[in-house]
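J.: Questions regarding the structure given below will be posed in turn.
The numbers here are math on the coordinates, done by the rules we state, and not lab data. Since the model is a prediction, treat every value here as computed from it, not as a measurement. Neighbour counts are summed over all protein chains in view; Cβ atoms, including those assigned to glycine, are modelled from backbone coordinates with ideal geometry.
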Amino acid sequence: MKHVSTLLRILCLTLIGGLLVYSSQTMTTLIVQIVGGMFLFSGMLPLLGYFFPRYSQGATFRPLFPIMGIGSILFGALLLLKPVLFVTALMYLLGFILVMVSINQFLSFFASRNTAPLRWWLFLLPFCLFALGMYVLLSPLESASLPFTLLGAGCIVYGISELFRLLCPSPGCIRLLQSVASHVQGCLYRFPVL
């Protein structure tokens, strides 16, 4: 019975990972729509409280009009109806911020060259930030779906390592697979993702 549950876990992880890798763009818009639905629902609650107030112990005051609720409903409707527009605008904003931060770092390094010697490795981080910002600006939807692609790849690797663990339960094989899995996981966590 233990092997059946392990096989089901392996199958589910591999299928979910494949789905995330195959349709990461769809997952991005789906999550934005889910967040939009949550904003829509949380905006309706203050409106319901405004139109159907509870009077307790003779208090007859009417609450103020819920402007935040209306704003939340409008924002939720925007996220539900136009998720690609929102993701694109957000990625353009993040790409612009990354480019501006890298330019600021370059300028601050050049401004401080009189006080301290500049080494070549100091320019690696600003250059990587600039390259990442340009990648986000040039392909905003692909860069937004990149985390889901990495998550799917991690699920597939985990599913395959579980399959190997199930097929070869020797301690040497398990140590080898654990080291490979920890190396892959460490590489995935170090990858700069927005």
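J.: Could you work out the percent of alpha carbon pairs in region 1-143 separated by over 18 Å, rounded to a whole number? Working shown, then result.
T.: On the way: 7552 of 10153 pairs.
Here the tail beyond 18 Å accounts for 74 percent of pairs.
J.: Enumerate the residues in region 125-151 having an amide nitrogen under 13 Å from the point lying 7 Å beyond the Cα of Y92 toward its Cβ.
T.: 137-141
J.: Which whole-Hz couplings ³J(HN,Hα) result when phi for each residue of region 133-140 is put into the Karplus expression 6.51 cos²θ - 1.76 cosθ + 1.60, θ = phi - 60°, listed in order with x for Gly and Pro?
T.: Those phi angles translate into x, 5, 4, 5, 5, 7, 9, x Hz.
J.: Per-residue counts of other Cβ atoms within 10 Å, averaged by peptide: what ranking do you get for 27-33, 95-101, highest first?
T.: Values: 27-33: 18.0, 95-101: 16.4.
The packing order, highest mean first, is 27-33, 95-101.
J.: In nm, what is the difference between 0.36 nm times the number of residues separating F109 and I16 and their Cα-Cα distance?
T.: Values: separation 93, 0.36 × 93 = 33.48 nm, distance 4.49 nm.
So the extension gain works out to 29.0 nm.
J.: Could you give the length gained by full extension between L30 and I70, i.e. 0.36 nm per residue of separation minus their alpha carbon distance, to one decimal place?
T.: 12.1 nm
J.: Let me ask another. Per the Kirkwood definition applied to all pairs of different Cα atoms, how many angstroms is the hydrodynamic radius of region 1-42?
T.: Taking every pair of different Cα atoms in region 1-42, averaging 1/r and inverting gives 12.3 Å.
J.: Normalising by the residue count of region 1-145, find the relative contact order in percent from Cα pairs under 8 Å and 6+ residues apart.
T.: 27
J.: Any idea how far apart W121 and L141 come out in nm if each label point goes 7 Å out from Cα toward Cβ?
T.: About 4.1 nm, to one decimal.
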